[in-house]
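We did not get these values from a lab; they are worked out from the coordinates using the rules stated. This is a predicted model, so every value here is computed, not measured. So basically every Cβ, Gly included, is an ideal-geometry build from the backbone, and we count neighbours across all protein chains shown.
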Amino acid sequence: MDMGLQGKTALVTGSTKGIGKAIAAELAKEGVNVLINGRNHDEVEQTVSEIRSQFPAVSLQNAAADLTDVKQREALFGQYPQVDILINNMGIYEIMSYDDASDDIWERYFRTNVLAANGLCRFYLPKMLEHNDGRIVFIASEEAVMPSGQMPQYAITKSALLSLARSLSGLTAGTEVTVNTIMPGPTLSENVQQIIEGIYAADHLTFAEKEQKFMAANLPQSELQRFIRPSEIGRLAAFICSPYASAFRGSPIRMDGGMVPTIY
């Protein structure tokens, strides 16, 4: 399906791996010119080269920057003053007990997962409204609405993104600009795959068997009973950015594999 995104420009934060990289690839597949972002210039350049080799007809550019740093963020604005699509994917997470989360950790999580994204929105949203066209998508998590208790410092930042998206969406009323949030469930990032391989390193199992065994033991509430593939989230993100999704407004869009019970 042609998503009608040919020639658009997108900034995808944290796009050198995992969900961000998959979204960047899916947008490039749709003819979108993508700004690849990460803190490490060489890693960003490697991702640019990789996606460019798959989709040579689009422009892939290195937008390396630490977006938690105001000066680096402003330098990025100077280099790329206009985008049609902003994907706020960048984020940090780790399993941590509430007792171990110091004030410095809480501040680092808010600065990285919330304030950096808000800084980007404050710059790009007014320009989208001026041109009456644009898409902003936040990548949250099922932890936003169903905290596991294993990483409270992460879950609360993802809840904040839902609130921020809803607030910003209200500013777009009557325009062709939309702001939404995608809430993925457990996803097979590179790091997750390494962890699973390590847990069952001594077992003579295929990865699919290891994955099924892990899900049954650790995430039995998942109806999908496998990890979501980043490409699946990437495809959903491309649709949400398309003209066909203009009725999605401030929506928390769940793609959690059935992790979160639905209450009617």
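Assign one of three labels to the stretch 26-88, namely rounded, prolate or oblate, based on the Cα gyration tensor with a ≥ b ≥ c the square roots of its eigenvalues; rounded applies when a/c is under 1.5, prolate when it is not and a/b is larger than b/c, and oblate otherwise.
Details: a/c = 2.44, a/b = 1.50, b/c = 1.62.
Oblate shape, in that a/c is at least 1.5 and b/c is the bigger or equal ratio.
Please give the charge dipole size of the stretch 114-264, origin at the Cα centre, charges +1 on K and R Cβ atoms and -1 on D and E Cβ atoms. Round to the nearest 20 debye. Numbers along the way, then the final one.
Details: 12 positive and 13 negative charges, 81 e Å.
Once rounded to the nearest 20, the dipole reads 380 debye.
If you take every residue apart from G185 with its C-beta less than 13 Å away from the C-beta of G185, what net charge results, scoring Lys and Arg +1 and Asp and Glu -1? Kindly include the intermediate steps, with their values, before the conclusion.
Values: positive: K158, R226, R229, R254; negative: E142, E143, E223, E232, D256.
Residues close to G185 contribute a combined charge of -1.
Order the peptides 247-253, 11-17, 150-156, 190-196 from the highest to the lowest mean number of other Cβ atoms within 10 Å of their residues. Write out the running numbers ahead of the final one.
Working: 247-253: 15.6, 11-17: 24.7, 150-156: 19.6, 190-196: 13.0.
Averaged packing, sorted descending, gives the order 11-17, 150-156, 247-253, 190-196.
Looking at the chain, what % of its DSSP beta bridges pair antiparallel, to the nearest 5? All intermediate terms of the calculation are to be shown ahead of the outcome.
Working: 0 of 25 bridges.
Just about 0 percent of them are antiparallel.
Mind giving me the nanometre distance, one decimal, between the label points for A57 and R73, set 7 Å out from Cα along Cα→Cβ?
3.6
Give me the dipole magnitude in Debye, nearest 20, for the chain about the Cα centre, with unit charges on the beta carbon: positive for Lys and Arg, negative for Asp and Glu. Kindly include the intermediate steps, with their values, before the conclusion.
Values: 22 positive and 30 negative charges, 130 e Å.
Approximately 620 debye in magnitude.
Between Q82 and S231, take the C-beta separation as r, use R0 = 25 Å, and let me know the FRET efficiency to the nearest 0.05. Show your work: numbers first, answer last.
Details: r = 28 Å, r/R0 = 1.12.
About 0.35, to the nearest 0.05.
Counting pairs of alpha carbon atoms under 8 Å apart in space and at least six apart in sequence, what relative contact order in percent does the chain give? Kindly include the intermediate steps, with their values, before the conclusion.
On the way: 472 pairs, mean separation 55.5, N = 264.
This gives 21 percent for the chain.
Can you tally the net charge around P252? Count Lys and Arg as +1, Asp and Glu as -1, for every other residue whose Cβ sits under 12 Å from the Cβ of P252.
Values: positive: K158, R166, R249, R254; negative: E142, D256.
Within the 12 Å Cβ shell, the charges total +2.
Which one, L5, Y80, V44, is farthest towards the positive end of the dipole of the chain when Lys and Arg carry +1 and Asp and Glu -1 on their Cβ?
L5
Rounded if a/c is under 1.5, else prolate if a/b beats b/c, else oblate: with a ≥ b ≥ c from the C-alpha gyration tensor eigenvalues square-rooted, which is the stretch 202-264?
It is oblate, given that a/c is not under 1.5 and a/b is not larger than b/c.
Say the dipole of the chain comes from +1 at the beta carbon of Lys and Arg and -1 at that of Asp and Glu; which of A57, I92, P261 then lies farthest toward its positive end?
A57
Suppose R0 equals 51 Å; then what is the FRET efficiency for S163 and D203 from their Cβ-Cβ distance, rounded to the nearest 0.05?
Numbers: r = 43 Å, r/R0 = 0.84.
Rounded to the nearest 0.05, the efficiency is 0.75.
With a/c under 1.5 counting as rounded, go ahead and sort the stretch 101-207 into rounded, prolate or oblate using the C-alpha gyration tensor (a ≥ b ≥ c being the square roots of the eigenvalues; past the cut-off, prolate if a/b is larger than b/c, else oblate).
Working: a/c = 2.84, a/b = 1.89, b/c = 1.50.
Because a/c hits 1.5 or more and a/b exceeds b/c, the stretch 101-207 counts as prolate.
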